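Worksheet: the structure to be examined is printed underneath.
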Amino acid sequence: SDAEDRNTRERLFLGSLGLSERPQPAGSRHTRRPVPSELWRMFRRSESIQARDSDPCTVSEYGVRGNIIRYVQDQGRLVSGWSSSCQACLVKQLFFNVSVLQPVELLSLAQLEIRLHWKPLRPAGLLRGPRAVSMSLSKVIRATLRGADPRASRRLLLSQSLRPQLEPAAVAMDLTPLAESWRKPGHNYGLVVELSPPPGADPEELTPFLPGNAFPLEEAWTLPLMEASLVVVSLNPHQCRSRQR
Amino acid sequence: RSAVHLPVTPSNICKARRLYIDFKDVGWQDWIIAPPGYMANYCHGECPFPLSESLNGTNHAILQTLVHSLDPQGTPQPCCVPIRLSPISMLYYDNNDNVVLRHYQDMVVDECGCR
């Protein structure tokens, strides 16, 4: 009964902190994903003396109301080969589980961040100069029936060409309305990102830069590694009560 | 008629007391990334008549200490409560291994007063 009593107290206290239960993340502290450097920066900034007088219910870094900033990680999978027309394309499903937001929370911002890690260019690549790849981002609006063309259930959101860079490059896009629609059960079909090689590139030259794929030395050109996360800012109105004067 | 001055030792006066919350003590260290704990403090102590300015009393509290000094059984002293609080932020992993930064209002007692 002591343990029950303690659990009850803990649940009540966590409830007042806006947590329905004690989080139990998988894995050990050392195997979990690293904390995004941007979140560390925001945390350190919030600990500074100046921040003590700032409003904890406004996220100044994004200029929106909110007291919870989540880096929701991508749970999608590589689905290369979907598009029969482009075998060399890197096609990845992106899926962000926004049901982690509690119903009471008001979504203020959902910003998609895609980081592209380019493999250092080989001399041959340099000779010919870095050639752009094209990236297209689409939202999936319904499940794809077996045998149907998956592209029929997509709507293009963004299409741009990307040049290899020495530093990881980030593509950011505000998906707040779409993320709000994902909060309705059964409405989250995720996104699809497609990276297509430069036109005229010889597919034989291309090998996707995938985890576990060591740097193929004889390779002159590689598609970048992609990391995606959804930065979600929300406000719990129970924790952001206006100050009684 | 003459006001009764109860002897109050300084340590009994209303003020913030140190209270450090160590998240490891409550077994939260496996999901909270930072901080490891924090200084929450709490208010405790007397609000005696006359209420000195350092006790940050409202006019009503001053009145209440006066009445208490005249009728200690009938009217209690004002309460020693937080009057200035600060937020804290917590970095933690949620059930989906997402990293979450959360700001909480009014989690640190900076100053106490009689109300």
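Quick note: the coordinates plus some simple rules give every number you see, no bench work behind them. These figures come from a predicted structure and were not determined experimentally. All Cβ positions, even for glycine, are placed from backbone atoms using ideal geometry, and neighbour counts span all protein chains on display.
Structural remarks
- B:Glu111 long-range amide H proximity, modeled H, under 5 Å: B:Ile83, B:Arg84
- Rounded FRET efficiency, nearest 0.05, which uses the C-beta distance separating B:Val67 from B:Gln29 and R0 of 45 Å: 0.40
- FRET efficiency, 1/(1 + (r/R0)^6) with R0 41 Å, evaluated for B:Glu111 and A:Glu21 via beta carbons: 0.75
- Helix B:59-70 vs. chain B, principal-axis angle (Cα, 0 to 90°, nearest 10): 50 degrees
- At full extension, A:Gln75 and A:Arg45 could sit 7.9 nm farther apart than now, given 0.36 nm per residue minus the alpha carbon distance.
- Partners of A:Lys92 within straight-line reach, counting lysines whose Cα lies under 28 Å from its Cα and excluding those fewer than 8 residues away in the same chain: A:Lys119, A:Lys139, A:Lys184.
- Once both labels are positioned 7 Å from their Cα atoms along Cα-to-Cβ, the gap between A:Gln165 and A:Asn7 label points is 5.0 nm.
- For B:Lys24, the aspartates and glutamates whose Cα falls under 20 Å of its own Cα, not counting residues fewer than eight places away in the same chain, are A:Asp2, A:Glu4, A:Asp5, A:Glu10, A:Glu21, A:Glu47, B:Asp94, B:Asp97.
- At an R0 of 41 angstrom, the distance between the Cβ atoms of A:Lys184 and A:Arg52 translates into a FRET efficiency of 0.60.
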